[in-house]
Amino acid sequence: MTAQAQTKEFQAETRKVLDIVIHSLYTERDIFVRELVSNAADALEKFRHISLTEKPEFDAHVPLEISIKCNNKKHILTITDTGIGMTAEELEANLGTIAHSGSGKFLAELAESAKKDVSLIGKFGVGFYSAFMAAKTVKVQTRSWDGSQGHEWFSDGNGTYTISPCDGLHRGTKIIMELKEDAQEYAEEFTIERIIKQYSAFIPFPVKVDGKKVNTVEAIWTRSKSEIKDEEYTEFYKFIGNGYDEPMLRFHFSADTPLAINALLFVPKDNFESIGLGRMDPGVNLYCRRVLIDQHSKSIMPEWLRFLKGVVDSEDLPLNISRQSLQDNALVAKLRRVITKRFLKFLDEEARSNKEQYVSFWKTFGIFIKEGVANDFEYQEEIAKLLLFESSATEAGVMTSLEDYVSRMKEGQKEIYYISGQSRTAAENGPYAEMFRKRGIEIIYTLEPIDDFVLSHLGKFDEKELRSADRADLRLPESTEKEEQKEQKEQLADAVQTSLCKWMKEILGERVQEVKPSHRLVDSPAMIVSVGGHITATMERILSSQNHGKHNPMTMGNKKDMEINPASPLIRKVADLRVKDQDFAKELAEQIYDNAMIQAGLLVDPQQMVSRSYRIMERMAV
Ligand code: ADP
Ligand code: MG
């Protein structure tokens, strides 16, 4: 200490922060390096700005960079920058009080959560004072860009600090930290290098650790699209995604208003969830001016977009926002909305202009889009435009969007129809699709188990109701074709029909609510339809399978009717047999019911069904 050294007391609030930093922050110590490197980068940025307007002469030749020295013998870590530096007054104002520092704003919140959960504070950025998480003493040697006298600030964090003149300094700031006994790893090169790569990889100035530049990948998201080569994008993707593959799609988006945003998002090649590697962590990192705020951020994109990798950078975010408060931060919510909408629009354009590419995206990541439709009400309408399905209007394996379906709807058709099936052939040949085929009405085939849930959550598309074709109350638009009337098949008389239905209901008992003549079956003898509720047969099958084959309580209220086809030769035969051979007629009725259940994708008792069908076959063979 020189004769000119002045001892000063920290402002009361600063002492409070220091106290928390020194005594409560054991976890996430790493972030002190991020804070100090960010300050250095800020100082360099400020100098770059000043040098444009003021043309300073002092130390004008000194290159703009951050250099870090690790002395693992003496356990000293030194971080030097060639930025604007500080005068004595600035030193006092900036490091003696927290009035200017960003940490001031968060002090209240910090002290509040300190009471609740000490480990949470580690998630805050506490600015310069975080140095005391790892250091027992901190020396700051600094000289302002204007070339005035340099100074040294010194403190052990215990209430006071000193400021004294210091000669022989260049422009900028040097922070010398004598590390605590349990923090000596921070004088190891590889530790510092690891932290820089994690948090400060994209600082726009060289960061050298013991002379070696460690930030080698550029923050390309801040550059204009036209200047970036494909290889640069790919290199960047590999860096942030820790991967070796190339991305499937990329979306680079910048805006100045209403928020300053630079976003660079990638869709990877593979979906690791689908190959059973468990639920993915979100892959988008949140930055503020190239400094990492939240890695694998849960807040910046909706959950169903967790397959994306990339960065979102916004200058409007405060650097030392806590990860906790990110979740309910209004600004973050706004960012998320803007980026999600733009990304959905990008996918929509991709689907229109680059169908083949989009279909391969769909095959890999369509499941996430469906999850979005089912769970995320906020964007449901937009996401629904991205859905693809096979339909009776497409070749096998070819897909169509709901929008295209609507554009092909017939006059008078007010609803969108779908039917599930375990395969396209099953859906096409089942009893439900036959009258659609006959009337030339398009029907969507929902071939994935989740599809019916998704469509029933969606409810409507483009103001048109989405209707499962196995619903009892389905009313198709009146057929305009005269021919249909002409080729009327021979039918049962009304009275016979009524008594047959009544008899079948007696046989089937509680298994069905009602048996009634069908207005829509063409060739099949019978079908099962669901009455009320929003649960389709497929949904019921899935719910039951989750319940080990027993009926799931959720589906209990789901009543079913059986519709029979009065024009079917088999049904007419049963009506005949009823009089001649009650017992056999009964076996046939049961078998017809089981077959209809199977076609609906529902459970039957296989043992009973098989024995019965053998009995029927034996009878045929005589
Ligand atoms: P914040 O960075 O949020 O302002 P900090 O506590 O990190 O808060 O820093 C407080 C202030 O100290 C900064 O605003 C800046 O004015 C000054 N400062 C810190 N580090 C440096 C540096 N390396 N060079 C110049 N000024 C600095
Ligand atoms: Mg700072």
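The values are calculated or read from the model by the stated rules, or taken from the named source; none is laboratory data. Model, not experiment: these values are computed from the prediction. FYI the Cβ positions are ideal-geometry reconstructions off the backbone, even for glycines, and counts take in every protein chain you see. Ligands, DNA and RNA are excluded from the accessible area calculation, which covers all protein heavy atoms including side chains. Shrake-Rupley method; radii C 1.70, N 1.55, O 1.52, S 1.80 Å.
Cα centroid separation, the stretch 248-314 to the stretch 344-421: 23 Å.
Distance between the 7 Å Cα→Cβ label points at Thr234 and Arg342: 2.5 nm.
Each Lys or Arg adds one and each Asp or Glu subtracts one; over the other residues with Cβ under 12 Å from the Cβ of Ile542, this totals -3. Please identify which residues in the stretch 206-247 have an amide N closer than 14 Å to a label point set 7 Å out from the Cα of Ser360, following the Cα→Cβ vector. Within reach of a label on Ser360: 246-247.
Placing Asp581, Asp281, Asp294, Asp404 in order of accessible area, with the largest value first and a 1.4 Å probe, yields Asp281, Asp404, Asp581, Asp294. Candidates Ser391, Gly85, Leu344 compared by Cα position along the dipole of the chain: farthest toward the positive end lies Ser391, with charges placed on Cβ. Once the Cα atoms are used to define both axes, helix 569-580 deviates from the longest principal axis of the chain by about 50 degrees. Note on Lys8: aspartates and glutamates with a C-alpha under 16 Å away, same-chain residues under 8 apart excluded, are Glu89, Glu90, Glu92, Glu152, Asp156. Distance between the pseudo-spin-label points of Ser423 and Ala396 (7 Å out from Cα toward the beta carbon): 0.8 nm. Computed per residue of the chain from DSSP H runs no shorter than four, each worth -39500 (n - 2.57), the mean residue ellipticity at 222 nm is -12500 deg cm²/dmol. What the phi angles of the stretch 396-411 give under the Karplus curve with 6.51, -1.76 and 1.60, with θ = phi - 60°, is a coupling list of 4, x, 9, 10, 10, 8, 5, 4, 5, 4, 4, 5, 9, 4, 7, 4 Hz, glycine and proline written as x. Compactness check for the chain: Cα Rg over 2.2 N^0.38 Å is 1.40. Ranking Ile66, Ile616 from most to least accessible surface, computed with a 1.4 Å probe over the protein chains only, gives Ile616, Ile66.
Each of the peptides 75-87, 436-448 was scored by the mean count of other Cβ atoms within 10 Å over its residues; in descending order, highest first, they stand as 75-87, 436-448. Spin-label model, Phe272/Gln607: points 7 Å from Cα along the beta carbon direction are separated by 4.6 nm. A simple count of charges around His151, restricted to other residues whose Cβ falls under 12 Å of its Cβ and scoring Lys, Arg +1 and Asp, Glu -1, yields -2. Heavy-atom accessible surface of Arg279, to the nearest 10 Å², is about 140 Å², with a 1.4 Å probe and all protein chains retained. If the chain linking Asp182 and Glu618 were pulled fully straight, counting 0.36 nm for each residue of separation and taking away their Cα-Cα distance, it would gain 148.4 nm. Helix 582-599: angle to the longest alpha-carbon principal axis of the chain, degrees 0 to 90, nearest 10? Orientation of helix 582-599: about 20 degrees from the principal axis. With K and R counted +1 and D and E -1, the other residues having a Cβ less than 12 Å from that of Arg471 yield a net charge of -2.
Measuring r between the beta carbons of Ile50 and Ala260 and using R0 = 22 Å, the FRET efficiency lands at 0.50. Helix 12-24 and the longest principal axis of the Cα set of the chain meet at an angle near 60°. The mean accessible area for residues of the chain, using a 1.4 Å probe and ignoring ligands and nucleic acids, is 49 Å² per residue.
When Rg and the Kirkwood Rh are both derived from Cα coordinates, the Rg/Rh ratio for the stretch 264-370 amounts to 0.99.
Within the accessible area of the stretch 387-468, the carbon and sulfur atoms contribute 46%, probe 1.4 Å, all protein chains present. For the chain, the dipole from Cβ point charges (+1 on Lys and Arg, -1 on Asp and Glu) about the Cα centre works out to 660 debye, to the nearest 20.
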